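Only one structure is covered here, and it is reproduced in the block below.
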Amino acid sequence: MNTEQTKSNNSALYTLITVFFFWGFIGASNGVFIPFCKAKFGLDQFQSQLIDFAFYGAYYIGAILLFIFSSVAKKDILNAWGFKKGIIYGLLVSTFGAALMILAVTEGSYLFILGALFIVALGFSLQQTSAQPFAASLGEAHTASSRLNLAGGVNSFGTTIGPIVVSIALFGVISGVDIEEFAQKANSLDSMRILYVFVGGLFLLAAALFFFSKKLPDGKSDSSFEPASKAMKTLIGITLILIVVFAYIFSRYEDPEFITRFIENKEKDYLGLGLTVSTLVIVVFGLLFANVTAQKKSEGWGAMKYPQLVLGMLALFTYVGVEVTIGSNLGELLKTADFGSITGPSLAPYMSMYWGSLMIGRWAGAISVFNPSNQLKKILLIVVPYVAFGVVLTANAISGQDVTPLYAYAFVIAFQIVGFFLGKDQPSRTLMIFGLMGMIAMLIGLSTTGTIAIFAFMSGGLFLSIMWPSIFSLAIAGLGKYTSQGSSFLVMMILGGGIIPPLQGKLADIIGIHASYFIPVMCFAFIAFYGWKVIAILEKQGIGHDIEVGGAH
């Protein structure tokens, strides 16, 4: 590749990674926005978690619609457009969503806010489906992982500063503000309108940069579209059942008797819990049924005949779900007396440190792509996490927050460093170790209160940090011509962020927010199981352990 082409591709990459920043910024900001909306609109914990349902459910809907349209057209529509156009279209959809959000906060309607957020994330779904293969195509194949890790690092930076910016937008720099009292002010959403004017402008600017960058390649792959009619019908069936169940759940909140009994009188909604659990069961058993059936007769099932993919889909569903549910329920947890009654802008440093923990791990996980010597790599594995830790602290300090309570978190980071050394750059081994560490951290958080428990729950971000690229690389290993299709199925599993947080929210309404954190324990346990099980599956297919780790979500 000549120097001029390299410069052009680098310029394209720097433009491209801006969209990775948007995903992280908006997604992590929900952790601050959720408790605010709960107080502002008088919601229960389940209702407040519908923000995540709208946001991450849109990723699933966007991905499955693209797959359905491609199946009907018998060609990969996104590849026919080119990844560049796919990103432009996605940014324009998100711009439209931002405009709707401005109207929604002006109207002060929670349902309107959910709808606008859904449109913003629908654009993100198209951007994400386009951007990851586009980043991989901007250079030599052997350097693809470094470009994806760079993009993942920028995504993590967005998750780190998102809660800080949204906290300032909602609360200013006032310390000690009472979130319930502040949220009831008539003009308390004005600053969110201004924020989304700015965000929408950035979406439009990024779309213009892509459109007018004539040297930017269209970004098309050579892979052919592989039909999978039975897989498509199964996914459509799962989707329709989920829509019916959630529609019924939502309709119950339109019943005044229900509102009085279960929200105003604080009664326990066991039927609602059962219905929410059923959404999880539908996804799990639907995918397992598909794989079992496909292994008996593979025709029409496409990539779903591979057990590493289907279990990987469930692992990715679980990973996104636990990543989101820890952060989204953290605000409600910290406001309790056992956790220091932390509210308002004082939440921001903790939310930022949780999402910043993902950045800490991803920066460390990216070290190996630069091929340092063994001795230098060992040094960097110790130094880089603390450099990233310093970045998170500095970002919070600049915003005017007191970060001294977070200094002791440096001790917790040491456990992640140990995990990296034990993982030995093997995705399956690292996944299993970090899954077990995450499970132990959640159990410590469940059995204690105060600072120890807060740090334990926040450390979930440290152990989740490497899971997206590890699961992704293991799940698509050995898929051959079905690799592209398998990747699309995996992106659909971002749905986990829309299913698991509402489940924990409904459970929290019944047994309490602290006890509800046993949901993340189970999630980490399954991810650890996948890390262990996938080794045997790949060995049976004659595939070695050394699967290359790609980028991060």
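The values are calculated or read from the model by the stated rules, or taken from the named source; none is laboratory data. Treat the numbers as computed from the prediction; the structure is a model and nothing was measured. Surface accessibility is based on the protein's heavy atoms, side chains included, excluding ligands, DNA and RNA. Shrake-Rupley method; radii C 1.70, N 1.55, O 1.52, S 1.80 Å.
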Distance histogram in 5 Å bins (all Cα pairs of segment 417-517, percent per bin): 2, 11, 16, 17, 19, 15, 11, 5, 3, 1, 0
Accessible area per residue in Å² at 1.4 Å probe, computed on segment 298-339: 18
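Could you compute Rg(Cα) / (2.2 N^0.38 Å) for segment 281-410, with N its residue count? Display every interim value, and only then the final one.
Details: Rg = 20.9 Å, N = 130, 2.2 N^0.38 = 14.0 Å.
In units of the globular-protein estimate, segment 281-410 measures up at 1.50.
For Lys85, Lys296, write out the residues from largest to smallest accessible area, computed with a 1.4 angstrom probe and no ligands counted. Before the final figure, lay out the partial values.
Details: Lys85 100, Lys296 170 Å².
Ranked list, largest accessible area first: Lys296, Lys85.
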Exposure ranking of Val154, Val105, Val292, Val277 by accessible area [1.4 Å probe, largest first]: Val292, Val277, Val154, Val105
Gap separating the Cα centres of segment 300-379 and segment 106-131, nearest whole Å: 22
Thr449 accessible area, 1.4 Å probe, all protein chains in place, Å² to nearest 10: 70
Accessible area (Å², 1.4 Å probe, nearest 10) - Trp363: 80
Area of Lys424 that stays accessible when all protein chains are in place (1.4 Å probe, Å², to 10): 130
